[in-house]
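Structure record follows, encoded as structure tokens.
The values are calculated or read from the model by the stated rules, or taken from the named source; none is laboratory data. Not measured: the values here are computed from a predicted model. All Cβ positions, glycine included, derive from the backbone under ideal geometry; neighbour counts span all protein chains shown.
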Amino acid sequence: MKTRESGMPDEEIWTGFFNPEKILEKLGLSSTAGSVVEFGCGYGTFSIPAAQMISGRVYAIDIDAEMVTVTAQKAQQTNLDNLQTLLRDFIKEGTGLADSSIDYVMLFNILHAEQPELLLNEALRILAPHGRLAIIHWNYDPTTPRGPSMEIRPRPEQCQVWAEAAGFQLLPPGLVDLPPYHYGLLFERVPEKERQ
């Protein structure tokens, strides 16, 4: 099942909205991450740079066969042998990845889904203890050139409430400004025995 208002613009337009390397750096992705997952990889805008940053494996998952093909072709063209694409409806079926097997999850521009808690619960399931969850979304501002309608566009504080309810803890500095159109939040999976 695709998320609400999930259509992708032309790639040239889409990539103009982001500086992926800078965003990943600001959201704590480092070469020490052993494995990374992106829920809804699209054109590979973030999956490809993530695979270039880490020595471990990146799982780029999407429900759209065209997006999976585009991302796989880019990985091949850039000689990335640590990126694996998965065509999968992760909202209905989950990721298919093992419990506690992942170090870093990217939920980028996707929490306007009808049931964001499903995505957050799946991220929690696959993340290792103290694994990181990175969220970015469009600013809550009707003047952004893209993004879901304001009725379903989550505010940063909503994302924080959802993530904390799932079992994540917000990491400093809290809200991260990702100009010109996005914000970011970085969380850590807190093991149950350590939750207050």
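For region 158-184, a tally of residues being touching a Leu at 6+ places or on another chain (Cβ under 7 Å) and in a strand (DSSP E or B) returns 5. State whether one or more residues within region 151-162 are within 16 Å of LEU29 (Cβ to Cβ), modelled with pLDDT of 95 or more and within 13 Å of the chain's Cα centre (by Cα). Looking for residues that are within 16 Å of LEU29 (Cβ to Cβ), modelled with pLDDT of 95 or more and within 13 Å of the chain's Cα centre (by Cα), one finds none in region 151-162, hence no. Looking only at region 44-61, residues that are under 18 Å from ASN109 (Cβ atoms) and either small (Gly, Ala, Ser) or surrounded by fewer than 19 Cβ atoms within 10 Å (Cβ to Cβ) (or both) come to 4 in all.
A single member of PRO142, PRO49, PRO148 is over 20 Å from PHE187 (Cα atoms), of a type outside the set (Phe, Trp, Tyr) and touching a His at 6+ places or on another chain (Cβ under 6 Å), and it is PRO148. There is at least one residue in region 137-157 that is closer than 28 Å to SER101 by Cβ and part of a loop (DSSP other than H, G, I, E, B).
Of all the numbered requirements in (1) over 19 Å from LEU24 (Cβ atoms); (2) touching a strand residue (DSSP E or B) at 6+ places or on another chain (Cβ under 6 Å); (3) at pLDDT 95 or above, ALA166 misses one, and that requirement is (2). Among the criteria (1) touching an Asp or Glu at 6+ places or on another chain (Cβ under 9 Å); (2) closer than 20 Å to PHE18 by Cβ, the one ILE136 does not fulfil is (1). Within region 62-83, work out how many residues are of a type outside the set (A, V, I, L, M) and buried (at least 16 other Cβ atoms within 10 Å of the Cβ). So the count comes out to 4. Of all residues in region 166-178, one or more are touching an Asp or Glu at 6+ places or on another chain (Cβ under 6 Å) and either over 25 Å from SER35 (Cβ atoms) or not hydrophobic (A, V, I, L, M, F, W, C) (or both).
Per-residue answers, yes or no, for (1) among the polar types (S, T, N, Q); (2) surrounded by 11 or more Cβ atoms within 10 Å (Cβ to Cβ); (3) out of contact with any Gly (no Cβ under 9 Å at 6 or more places or on another chain):
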residue: PRO142; (1), (2), (3): no, no, yes
residue: GLU151; (1), (2), (3): no, no, yes
residue: CYS159; (1), (2), (3): no, yes, yes
residue: GLU164; (1), (2), (3): no, yes, yes
residue: PRO173; (1), (2), (3): no, no, yes
residue: VAL176; (1), (2), (3): no, yes, no
residue: PRO179; (1), (2), (3): no, no, yes
residue: LEU185; (1), (2), (3): no, yes, no
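Checking each residue in region 84-117 for being in contact with a Pro (Cβ under 9 Å, 6 or more places away or on another chain) and either closer than 18 Å to ARG153 by Cα or at pLDDT below 95 (or both) picks out LEU107, ASN109, ILE110, LEU111, HIS112, PRO116.
Where strands (runs of 3 or more DSSP E) fall wholly inside region 35-99, the ranges with 1 or more residues that are without any contact (Cβ under 8 Å) to a residue 60 or more places away in the chain and either within 23 Å of ALA128 (Cβ to Cβ) or under 15 Å from the mean Cα position of the chain (by Cα) (or both) are 57-62, 83-87. You will find that of ALA60, ALA51, ALA65, the residue that is modelled with pLDDT of 90 or more and in contact with an Asp or Glu (Cβ under 7 Å, 6 or more places away or on another chain) is ALA60 and no other.
Quick check on region 118-126. Is at least one of its residues in a loop (DSSP other than H, G, I, E, B) and modelled with pLDDT of 95 or more? Checked region 118-126: no residue is in a loop (DSSP other than H, G, I, E, B) and modelled with pLDDT of 95 or more.
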